[in-house]
Amino acid sequence: MKKSLLLLGLIALVSISTSYAYSQEIGLATFQETAQIIVDKSISQNVTTSISLQSTSIQEIKIPAELEQKIRDSDRIEAVIVTNQDQCVLGVRDQSCIMINVARNPEIRGIFAIQDETKEVAEQYIDEINQAFDTEAKFHSVFVHTNDASNLALETSGKVSGSGAISAVYTMPMEDTNSMYEKISAILLPKIIRDSGGFYNIAKNLSHEDNSKMTFSLIPMDTSSLLQLKLSVDFPNKASTIFEVSPLEFLKVDNIKRSDYFSTGFYPLNSIIQVVILSPEDETISNIKGNIIPTQIIDNEKIPTDITNEGWVFDPQEGQMIQGKYIFGEETSVNKEKLKFTLGDQVIQPEKTEFDESIVVVIIISIVAIAAALFYLKGYKK
């Protein structure tokens with residue numbers, strides 16, 4: 001069901017646009033940039049920030065067409081991951097990893113037989129993957145994920161590394177994040193995207209941070225693959241001291257600018273800032289410096305009534321998990337001050353307006369596509 005929903009959403013990103021009361025036309029592109037800040041007051045006490053660049057087009061994230069097709073044609077390959085995360089699986093330390101996730105053959109029984117058969121399948125792909133990424137990863141082990149430890153470490157979903165996934169793990173010498181991100185992004189991202197700046201520039205700068213790590217994921221679907229390049233940074237023991245949330249503080253910038261790649265049209269939903277607050281106690285938010293976008297509840301989701309406006313959509317806006325998404329609207333940048341808000345007692349009362357039904361379909365599908373893509377690779381459990 002998730003796979004079908006994601007596919008429908010991503011197809012919508014490619015194909016749907018509509019005219020509405022404003023003079024512009026809403027464009028929905030395959031390329032998407034997302035900045036994500038997680039304030040975990042509940043368990044780790046860390047703040048984790050990440051920049052994700054993703055697409056379903058191999059012209060925008062350049063995987064060799066023959067390799068992408070070969071992976072997608074297989075009914076066994078569920079994901080390919082390239083990462084320098086510490087301990088990508090149990091038993092791997094101080095090494096970067098390539099993980100090829102293989103669907104289990106129900107006819108194969110016994111842990112050793114499963115491991116042997118998984119390796120046999122993965123061996124058909126590793127040489128081409130090494131060639132595509134200019135790596136020389138060697139076989140290490142087959143790992144059966146019995147819990148979500150790797151999922152949490154890699155900040156991915158169960159599809160990639162959750163309980164029940166089987167990974168053929170290949171290792172290579174550990175590379176510092178700055179040089180690895182520079183190398184992999186030069187391979188994957190065309191010059192027009194790299195030169196367009198935006199969130200990519202922030203990721204490059206964050207790659208110099210001590211606790212930065214990078215992960216590339218490929219998830220095959222029916223007619224395309226979901227391709228994502230992510231740069232993440234952990235800020236240990238910072239969450240408990242945060243009462244005023246300033247998202248750009250952890251992105252190490254005073255102003256965040258959208259990619260110029262979107263300058264040829266109106267693509268309001270292809271650059272998103274997402275903030276998640278996790279707390280052991282109920283929280284509310286107040287003192288929001290920027291705008292709150294008017295919304296309407298449709299199928300239990302808050303849908304913006306006007307995506308030409310910039311501002312926040314908080315859903316939920318109180319409780320043990322608060323999630324906010326910032327949409328740029330017609331703006332191309334936003335400064336640090338306009339993104340600040342406070343954790344406090346005052347519940348937001350957003351303005352309600354009449355909804356323009358002529359754009360309801362495109363907004364719903366777009367929000368679903370964004371949510372599906374985020375939750376598919378990097379979900380949150382309430």
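Only the coordinates and a few stated rules stand behind these numbers; no lab work does. Since the model is a prediction, treat every value here as computed from it, not as a measurement. Cβ sites come from the backbone with ideal geometry, for glycine too, and all protein chains shown count toward neighbours.
Which distance in nm do the two modelled labels at Ser246 and Glu175 give, with both placed 7 Å along the Cα-to-Cβ direction?
For the pair Ser246/Glu175, the computed spacing is 3.5 nm.
Sticking with the crude label model, points 7 Å out along Cα→Cβ, report the distance from Asp116 to Asn205 in nm, one decimal please.
Label at Asp116, label at Asn205, 5.4 nm between them.
In nanometres, what is the gap between the two model label sites at Glu318 and Asp260, each 7 Å from Cα along Cα-to-Cβ?
In this crude label model, Glu318 to Asp260 measures out at 4.5 nm.
Counting only Cα atoms, I'd like the Rg/Rh figure for region 63-188, Kirkwood definition for Rh. Could you put the intermediate results ahead of the total?
Details: Rg = 14.0 Å, Rh = 14.8 Å.
Result: Rg/Rh = 0.94.
Using Cα centres only, tell me the gap between region 49-100 and region 253-285 in whole Å.
24 Å
For Glu301 and Asp94 in one chain, what is 0.36 nm times their gap in residues minus the Cα-Cα distance, to one decimal in nm?
Numbers: separation 207, 0.36 × 207 = 74.52 nm, distance 4.24 nm.
Gain in length upon complete extension: 70.3 nm.
Only counting other Cβ atoms within 10 Å, I'd like Cys97, Cys88 sorted with the fewest neighbours first. All intermediate terms of the calculation are to be shown ahead of the outcome.
Details: Cys97 24, Cys88 27.
Listing Cys97, Cys88 from fewest to most nearby Cβ atoms yields Cys97, Cys88.
Using a Förster distance of 22 Å, how high is the FRET efficiency between Arg194 and Thr332, based on the Cβ-Cβ distance and rounded to 0.05?
Numbers: r = 18 Å, r/R0 = 0.82.
Efficiency, from the Cβ-Cβ distance: 0.75.
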